[in-house]
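A.B. asks: Take a look at this one; I'll ask things after.
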Amino acid sequence: MSQAIVFGVLAAIVLGFGLAMVLSKNLVHSAIYMAVTFIGVAGIYLNLSAGFLAAMQILVYVGAISVLMVFGVMLTRRGDIAASNIFNRYKLTGGLMALALFVILGRLIFTSSWNLSSFAVPEDTVSLIADLMMTDFVIPFETAALLLLVALVGAIMVAKGVKNTR
Amino acid sequence: MLQQYGGLGVYLILSIIFPFVIVIVALILGPKRPNPGKLTTYECGLDTQGPTWVQFKINYFLYALIFVVFDVETVFLYPWAVRFQALGTFAFIEMLIFIAILVIGLWYAWKEGALEWM
């Protein structure tokens, strides 16, 4: 019961700040509203006993993605920041698109059968993930490091340009 | 769940209320002598010239990009650190390899001058 109340409050936060983000005319405000939306989603993960996922949501989305968004806003050339969210004009089109997506997703949700797992919810998800990551999934784990390396080198190359040393 | 994360919720609520309390206390206790100079944009004590929202150089964006990569690295460090004692030497070596691969990235960023402030 209390879980349902917590979910309701969190869902209201996510929906409210998501709407505020889309409707705000100032892109910096939009970025901040987006961070609050992400924190709300992290709360929903906590409500589902997925503590690790919630921590990742806060670390990666609230920390990193929001910083990237704010930096992106800072780098863009524009006249007045108070009217910088140019997609703000397409309210009707955006609303129709959202409604279509809502209908499709709602139909899928109501037509699919939800199989519940017979296992109990594990108390400590982080330890389970750590054990699996360090024993059975070593190769994907090290591949993730390579992927991050490629992303880092690629980002620097795109931003700085390749030097011609020949 | 509520018992487990209740403390977190109380902390969140208190940290939202706290700034408002400080501002309200300052409003009540502080002296009020407004003048136009206090309302201008603060920029290292000098008067600002032109619009204050200007385009920044792409170099600043590199800091954010490198931060994101090492932020994602933390995602992998966190479960390893939680189970550090139980996992033993093999996991320690695995993590050393993981960090060594990312240090190559840091070395490249350093070499390319991405960490230089300009």
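The values are calculated or read from the model by the stated rules, or taken from the named source; none is laboratory data. Since this is a predicted model, take the numbers as computed values, not measurements. Positions of Cβ are generated from backbone atoms using ideal geometry, with glycine treated the same way; all protein chains shown enter the neighbour counts.
A.B. asks: Among the residues of region A:50-57, is any away from chain B (no Cβ under 14 Å) and either basic (Lys, Arg) or crowded, with 18+ Cβ neighbours inside 10 Å (or both)?
C.D. replies: No, every residue in region A:50-57 fails to be away from chain B (no Cβ under 14 Å) and either basic (Lys, Arg) or crowded, with 18+ Cβ neighbours inside 10 Å (or both).
A.B. asks: Mind listing just one residue for me: the one in region A:66-98 that is within 20 Å of the chain's Cα centre (by Cα) and facing chain B (nearest Cβ under 9 Å) and, of those, modelled with the lowest pLDDT?
C.D. replies: Checked region A:66-98; the qualifying residue modelled with the lowest pLDDT is A:72.
A.B. asks: I'd like the residue in region B:55-110 that is of a type in the set (Ser, Thr, Tyr) and modelled with pLDDT of 85 or more and, out of all such residues, is surrounded by the fewest Cβ atoms within 10 Å (Cβ to Cβ). Steps first, please.
C.D. replies: Of all residues in region B:55-110, those of a type in the set (Ser, Thr, Tyr) come to B:60, B:63, B:74, B:78, B:89, B:108.
Next cut, modelled with pLDDT of 85 or more only: B:74, B:78, B:89, B:108.
Numbers: B:74: 15, B:78: 16, B:89: 7, B:108: 15.
Restricting to residues being of a type in the set (Ser, Thr, Tyr) and modelled with pLDDT of 85 or more, the top hit is B:89.
A.B. asks: Go through (1) facing another protein chain (nearest Cβ under 10 Å); (2) modelled with pLDDT of 80 or more; (3) surrounded by fewer than 13 Cβ atoms within 10 Å (Cβ to Cβ) and name the single condition residue A:4 misses.
C.D. replies: All conditions are met except number (1).
A.B. asks: Quick one: how many residues across region A:24-33 are modelled with pLDDT under 90 and either part of a helix (DSSP H, G or I) or facing chain B (nearest Cβ under 10 Å) (or both)?
C.D. replies: So the answer is 6.
A.B. asks: Next question. In region A:121-162, which residues are in a loop (DSSP other than H, G, I, E, B) and touching a helix residue (DSSP H, G or I) at 6+ places or on another chain (Cβ under 9 Å)?
C.D. replies: Those that are in a loop (DSSP other than H, G, I, E, B) and touching a helix residue (DSSP H, G or I) at 6+ places or on another chain (Cβ under 9 Å): A:122, A:124.
A.B. asks: May I pose another question? Which ones in region A:108-160 are in contact with a Gly (Cβ under 7 Å, 6 or more places away or on another chain) and either among the hydroxyl-bearing types (Ser, Thr, Tyr) or more than 7 Å from chain B (Cβ to nearest Cβ) (or both)?
C.D. replies: A:125
A.B. asks: Given the condition more than 14 Å from every other protein chain (Cβ to nearest Cβ) and of a type in the set (A, V, I, L, M), answer yes or no: does some residue in region A:34-43 qualify?
C.D. replies: Our first condition is that a residue be more than 14 Å from every other protein chain (Cβ to nearest Cβ); within region A:34-43, this holds for A:34, A:37, A:41.
The next check asks that each one be of a type in the set (A, V, I, L, M); those that pass are A:34, A:41.
Checked against the condition, which is being more than 14 Å from every other protein chain (Cβ to nearest Cβ) and of a type in the set (A, V, I, L, M), region A:34-43 yields at least one hit.
A.B. asks: Would you please name the residue that is nearest to residue B:12 (Cα to Cα), looking only at residues in region A:9-23 that are free of Cβ contacts under 8 Å to residues at least 24 places away in the same chain and within 14 Å of chain B (Cβ to nearest Cβ)?
C.D. replies: A:9
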